[in-house]
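The values are calculated or read from the model by the stated rules, or taken from the named source; none is laboratory data. Predicted, not measured: the structure shown is a model, and the values here were computed from it. Here Cβ is always computed from backbone atoms with ideal geometry, including for glycine, and neighbour counts include all displayed protein chains. Note: accessible area is taken over every heavy atom of the protein model, side chains too, but ligands, DNA and RNA are not part of it. Shrake-Rupley method; radii C 1.70, N 1.55, O 1.52, S 1.80 Å.
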Amino acid sequence: MAQSATGSARARIAGVVTKDPGSEPVRKALVELIAENQSAGGNYTTVSGADGGFEITGILPGRYHLFVERTGYLELEKHRPRTEGRILSLTAGQELKDVTIHLQAAAVVRGRVVDEDGDPLPNAQVAVLRQTFTSGRYRMEQASAERTNDLGEYRLAGLPAGKYYVSVSPAPDFRSLIDTSSIDTHSPEKSATTYPTTYYPGTPDRAQAAPIQLHAGDDFPIDFSLTPSPSLSIRGSVVNVPARGSAVIMLQSRDFNLTMNGAEVHRDGSFVIRDVAPGSYTISATVEDSAVPLMARQALHVAGSSVDGLRLAPQPGAWVHGRLRIESKSGFVRIDPSQMFLVLHSVDGDDEGMGGFSAEAAFSNLAHVLPDGSFEWRNVPPGNYYAQLNAGPDLYLKGASAGGRDAEESAISVSGGTLVLDLVASANGGVVQGIVVDANGVPVPDAVVVAAPEARLRGRVDRYSKTISDQSGHFVLQGVRPGDYTLFAWESVEGEAYYNPDFLKASEGQGSALRVGEAEHKSVQLVAIPEVEDQQ
């Protein structure tokens, strides 16, 4: 029916935005309704009135994310920020009234940074960090950062309640990037000192950093006094550089997923990176101006002393290309390339370290599928990978072969040259739907529902399916790859903690085992796992 264009077939929501704790109305809050399926739904916005009330009419039926924004406030689920919005499922003609949205005042961290003499340190970067689990590793994620002003002052606002670490790094020192060809890079480092990255309450060792606990509306003062310490450096050489080529060195933190420093390579292939803080890194060398881009990558750990004698040998990256076909009950069908991408993931969980090359030799692990089903990745660094299909909820990657060998269960090994992939996607995935309830049988909205694969596959993010329950506790997982799963439903999850095997193990007894067959529909009822304070 063509009813969707008529007013009677449209939905309506109305509610109020209030301050928590209490019920004081919040005016001028921006209310946004974003359709999950942009081709079938729409996006709608409004602003709350003086009484905190809001109304959105003429909404096309569908599933939506509801976001509310107001400067100085945050919408929360329990005490965590609601990053994916509240989920609403709206049917034709439905009127959803009395939607109450609670906002909490955001916290602030502020203070001053001075040197050993008490003088202000301008342009130092102060960062508020939180520990997360992504790409198979614990990392420090930057929640907010700001550079100090001329008085050494900083103020970081808009922080949700939670546990954080605070660090300060001195102003950038670009000495490593200055042409120092006249300097003997092989000579020992003179007793240079620098201001190291310092963590609250005043230690350069991240392992000794103390967390702070922020509550809603907190104004938390932290002052830093930085003391110079011996400067650490990384010295080494790059080999295999063509006569007319030039090499560039980049250092990327594995702890923070940030490019920290870089250096030019001198004519004899030597390089030095100065002012390196202790930590885990990926160091890369990229050769420019060569007929074929050359690159080298290596994991590196810097402890309490400088690194010397590092040797990097850039090699050509691989050309990985192939064709994707889509299988359905009627056979192979024509590909609709809109919003269809392939992602090449490192089996070792080191995706972040693969993009640190120069623009000329950059490797992007994202490939767009063309109308004829073809795709390619160029300059792929050596390593072991698997492919993930991002093409909406109805498709899953059913098969993969690399160089004629099956690679769906095993890794795709890349060692240079050319590798041809044959990928098959299927539109015959399973559908798992149901409802999430609490221990008393009451429906739980906004629960995080995850279908986790069997233990041997839990290192692969492409084998998970995830969704959020709507306002009635209902959920639907579409395009589920056939296999054995454990279904979990949590009241709230910090980040992507469900990719952490240790986190899943702690919840194992509270999940529901489920086997899903091709094109099979399953209905389940899940009991929500209550939120715990420290999920990681």
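Things to note:
- Arg267 being part of a loop (DSSP other than H, G, I, E, B) and either surrounded by fewer than 17 Cβ atoms within 10 Å (Cβ to Cβ) or in contact with a Gly (Cβ under 7 Å, 6 or more places away or on another chain) (or both): yes
- Just so you know, in the stretch 291-319 the residues that are closer than 19 Å to Gly245 by Cβ and open to solvent by 30 Å² or more (accessible area, probe 1.4 Å) include one that is farthest from the chain's Cα centre (by Cα), and it is Ala291.
- Pick from the stretch 441-469, criterion of a type in the set (Val, Ile, Thr) and either open to solvent by 30 Å² or more (accessible area, probe 1.4 Å) or over 16 Å from Ala497 (Cα atoms) (or both), ranking: modelled with the lowest pLDDT: Val461
- Of note, Gln433 does not satisfy the criterion of being farther than 25 Å from Gln388 by Cα and modelled with pLDDT of 90 or more.
- The criterion of being closer than 29 Å to Ser426 by Cα, open to solvent by 10 Å² or more (accessible area, probe 1.4 Å) and among the aliphatic types (A, V, I, L, M) does not hold for Leu487.
- Residues within the stretch 470-480 that are open to solvent by 40 Å² or more (accessible area, probe 1.4 Å) and either touching a Gly at 6+ places or on another chain (Cβ under 9 Å) or under 17 Å from Ala400 (Cβ atoms) (or both), tallied: 3
- Top-ranked residue of the stretch 412-430 - restricted to ones that are within 20 Å of Arg481 (Cα to Cα) and polar (S, T, N, Q), ranked as least open to solvent (accessible area, probe 1.4 Å): Ser426
- Qualifying residues in the stretch 150-169 (those that are surrounded by 15 or more Cβ atoms within 10 Å (Cβ to Cβ) and not in a strand (DSSP E or B)) - the one modelled with the lowest pLDDT: Ala161
- Candidate set from the stretch 55-102 (those that are touching a Leu at 6+ places or on another chain (Cβ under 7 Å), in a loop (DSSP other than H, G, I, E, B) and open to solvent by 30 Å² or more (accessible area, probe 1.4 Å)); member that is modelled with the highest pLDDT: Pro61
- For Glu288: the one exception among (1) among the charged types (D, E, K, R); (2) within 19 Å of Arg378 (Cβ to Cβ); (3) modelled with pLDDT of 85 or more: (3)
- Residue selected from the stretch 14-54 under the condition more than 25 Å from Pro160 (Cβ to Cβ) and either buried (at least 16 other Cβ atoms within 10 Å of the Cβ) or of a type in the set (A, V, I, L, M, F, W, C) (or both), by the criterion modelled with the lowest pLDDT: Ala40
- Taken over the stretch 194-240, the criterion of being open to solvent by less than 20 Å² (accessible area, probe 1.4 Å) and more than 19 Å from Val126 (Cβ to Cβ) is satisfied by Ser231, Ser233, Ile234, Gly236, Val238.
- Looking across the stretch 502-528, the residues that are free of Cβ contacts under 8 Å to residues at least 60 places away in the same chain and among the basic types (Lys, Arg) come down to Lys505, Arg515.
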